[in-house]
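Beneath this line is the structure, given in structure tokens, with notes to follow.
Every number in this text was worked out from the coordinates using simple rules, so none of it is lab data. Here the structure is a predicted model, which means the values were calculated and not measured. Positions of Cβ are backbone-derived with ideal geometry, glycine not excepted, and every protein chain shown enters the neighbour counts.
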Amino acid sequence: MKKVLLINGHPDPESYNHALADAYARGLAASGAAISRINIAELHFNPNLQFGYRQRTELEPDLLEALEKIKAADHLVWIFPMWWYGYPALMKGFIDRTFLPGITYQPVEGKPFPKKLLKGKTARIIVTSDTPRWYDWLFMKSPTLNQFRKGTLEFCGVSPVKVTYIAVIRDSSPEFRQQWIAKVERLGAQGA
């Protein structure tokens with residue numbers, strides 16, 4: 001049985017991102033996969049990597065539990081909004097505090113690239129934005145997706161990482177939003 005972890009990076013429980021996560025979960029339930037969830041905003045932890053990598057900050061119980069879910073999953077689904085060509089601060093803090101040496105990757109002395117400790121896992125990023133995809137890609141060079149897909153997930157061995165880019169959200173019609181809810185539910189049913 002495929003184990004899928006839904007990770008929601010939007011801090012507002014009434015956000016469209018939460019509706020998308022619920023839609024994916026509904027589809028996934030129909031596929032027979034095992035589902036677990038993390039709503040980052042519900043976790044209790046300090047998002048500040050206080051000592052950088054010089055000294056390990058003790059992980060809070062919620063982060064330890066989140067890491068167990070990440071390690072147990074076959075497929076990671078990250079749902080979050082793109083804000084200022086990045087992701088929400090709390091999500092960044094979650095990544096800073098959990099994607100650590102010895103946990104998601106292991107530096108190898110004398111080599112520029114680490115041992116990837118999340119090999120064998122796949123992922124999908126579902127990102128919402130007020131920036132049209134063509135503008136994000138052509139003029140901005142997709143900084144959010146490059147940072148997260150390549151600089152975090154693939155760096156730690158997660159591959160392939162597929163992307164669903166939903167835009168423009170601001171002033172979007174109920175029909176537009178409902179169409180995407182249906183598409184995301186279908187993705188869940190496919191386990192993709």
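Can you spot a residue in the range 13-25 that is more than 20 Å from Ala123 (Cα to Cα) and in contact with a helix residue (DSSP H, G or I) (Cβ under 8 Å, 6 or more places away or on another chain)?
For the range 13-25, residues more than 20 Å from Ala123 (Cα to Cα) and in contact with a helix residue (DSSP H, G or I) (Cβ under 8 Å, 6 or more places away or on another chain): present.
What's the total number of residues in the range 24-49 that are more than 16 Å from the chain's Cα centre (by Cα) and either more than 18 Å from Asp62 (Cβ to Cβ) or in a helix (DSSP H, G or I) (or both)?
Total meeting the criteria: 9.
Any idea how many residues of the range 1-23 are within 25 Å of Trp83 (Cβ to Cβ) and part of a loop (DSSP other than H, G, I, E, B)?
7
What is the residue count in the range 147-192 for residues that are under 16 Å from Ile126 (Cβ atoms), in a helix (DSSP H, G or I), touching a strand residue (DSSP E or B) at 6+ places or on another chain (Cβ under 7 Å) and among the aromatic types (Phe, Trp, Tyr)?
2
Can you pull out every residue in the range 86-136 that is among the aliphatic types (A, V, I, L, M) and touching a Gly at 6+ places or on another chain (Cβ under 7 Å)?
Met91, Leu117, Leu118
Filter the range 115-146 down to residues that are in a strand (DSSP E or B) and aliphatic (A, V, I, L, M) and give me whichever is nearest to Asp74 (Cα to Cα).
Only one residue tops the list, namely Ala123.
Taking the residues in the range 71-114 that are in contact with a Cys (Cβ under 7 Å, 6 or more places away or on another chain) and not in a strand (DSSP E or B) as candidates, determine which candidate is nearest to Ser159 (Cα to Cα).
My answer is Thr104.
Would a scan of the range 141-157 turn up a residue that is in contact (Cβ under 8 Å) with a residue 40 or more places away in the chain, buried (at least 16 other Cβ atoms within 10 Å of the Cβ) and over 24 Å from Leu100 (Cα atoms)?
No, there is no match, as no residue in the range 141-157 is in contact (Cβ under 8 Å) with a residue 40 or more places away in the chain, buried (at least 16 other Cβ atoms within 10 Å of the Cβ) and over 24 Å from Leu100 (Cα atoms).
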